[in-house]
Amino acid sequence: MSARFDFAIVGAGIAGASVAAGLAAHGRVLLLEAEDRPGYHSTGRSAAFWTESYGGPQVQPLTTASGPFLHEHGFLSPRGALTLARQDELAELAAFATEFRALGVRVDDLDRAALEARLPGLKPEWVVGAYEPDCCDIDVAGLHQHWLAATRQGGAELWTRAELTRAERHAGAWQLTLADGRTAQADVLVNAAGAWADPVAQLAGVRPLGVQPYRRTVAQLRLAEGPPADLPLVLGIDGLFYFKPEAGRLWLSPHDETLSPPCDAAPEELDVALAIDRFEHVVDWPITRIEHRWAGLRSFASDRLPVYGFDPAQPGFFWFAGQGGFGIQTAPAAADLACALLLGRVSAAVDPAPYDPRRFR
């Protein structure tokens, strides 16, 4: 006879682990992970930072609301974020700063002299910047392990190598079948499958929402000198690069978004070369070696906002997907919101309306 649960959650990355931890005290919870270990895909490959402007103004409430939890539990360390602009991008940078200041985000204007003080070797074409002093690095592994531990301590079960192959709704419960033949029953099925969110929905007979995975590339570089330990996260207002220091090395991305099927993503040499070319147009720091390169998948709905809520056409099917590149920095608030919706409670911290899956129907 199948084990019976109140909630079955598909995906044990940051998304699934955070919701499982929040639900564990309120019912029997099963957390399903297709891989040998949780966090193998996007969670384990993130160069995550907490930056209130990242993801846009409708994601900012989730990021800001997540800040207190991340600070109080020691998962953030100060970094700062510096967004650069050329002469022909002044209006775009000004609009960026104005928009986020209106939302309560701290953004300082920097002229060329101030840029040079923070970013020695800056190429001449970069004339102004916007600095966010509250930006922090996130201890992604520590945060993920915190929620996995809370999940276990709360009495929830974690099944690894547990690829879902069938989900059918009968008599108010989901009948779940895994690739290895194991079965389970659950009242509610939570889709926290990241890049596999739409395929999981299809397995359950639920209409997919168009949650599309995109590949993102990161390279780890050794520089001839540095990088400076206090270097902020550096981004272009054009959205074509970002880089930051990490343990004496530099992590660099061309900010690429290449359509991809759900898969074990691998970097393309062309994207690594593109990242280096863009970096060399920002600063004059010689690169001595590319030490490592990797890629992960970021998944977006068509409007670039996450999808949190019960499916309007299928009872007992809950979407927790489409977190894009901001899923880790928003995870505490997103999990609180999801748990409130799943338990039929009111969440005062963040308005759920912009993320409701009914917007696609």
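What follows is calculated from the coordinates using simple rules that are stated; it is not laboratory data. Note that the coordinates shown come from a computational prediction; the quantities given were computed from them, not determined experimentally. Counting neighbours? That spans all protein chains shown, and the Cβs are built from the backbone with ideal geometry, glycine included.
Extending 7 Å from Cα along the Cβ direction at Glu268 and again at Thr165 yields two label points whose distance is 3.3 nm.
In this calculation the C-beta distance from Glu291 to Gln145 is compared with R0 = 35 Å, giving a FRET efficiency of 0.90.
Peptides 136-143, 160-167 ranked from most to least packed, by the mean per-residue count of other Cβ atoms within 10 Å: 136-143, 160-167. Considering only beta bridges that DSSP places wholly inside the chain, some 70 percent are antiparallel.
Rounded to the nearest 500, the helix-only mean residue ellipticity at 222 nm of the chain stands at -7500 deg cm²/dmol, with each DSSP H run of n ≥ 4 adding -39,500 (n - 2.57).
I need to check one value: relative contact order of the chain, counting alpha carbon pairs closer than 8 Å and at least 6 residues apart, in percent.
Numbers: 795 pairs, mean separation 81.5, N = 361.
Reported relative contact order: 23 percent.
Between the Cα long axis of helix 269-280 and the first principal axis of the chain there is an angle of about 40°, rounded to the nearest 10. Averaging the Cα positions of each part gives two centres, and for segment 331-352 and segment 86-156 these lie 25 Å apart. Compared with the dominant Cα axis of the chain, that is its longest principal axis, helix 140-153 is turned about 20°.
Report which label in [x] 38, 21, 18; [y] 32, 25, 17; [z] 35, 25, 18 holds the value of semi-axes √(5λ) of the Cα gyration tensor in Å derived from the coordinates of this structure. Structure-derived value, by its label: [x].
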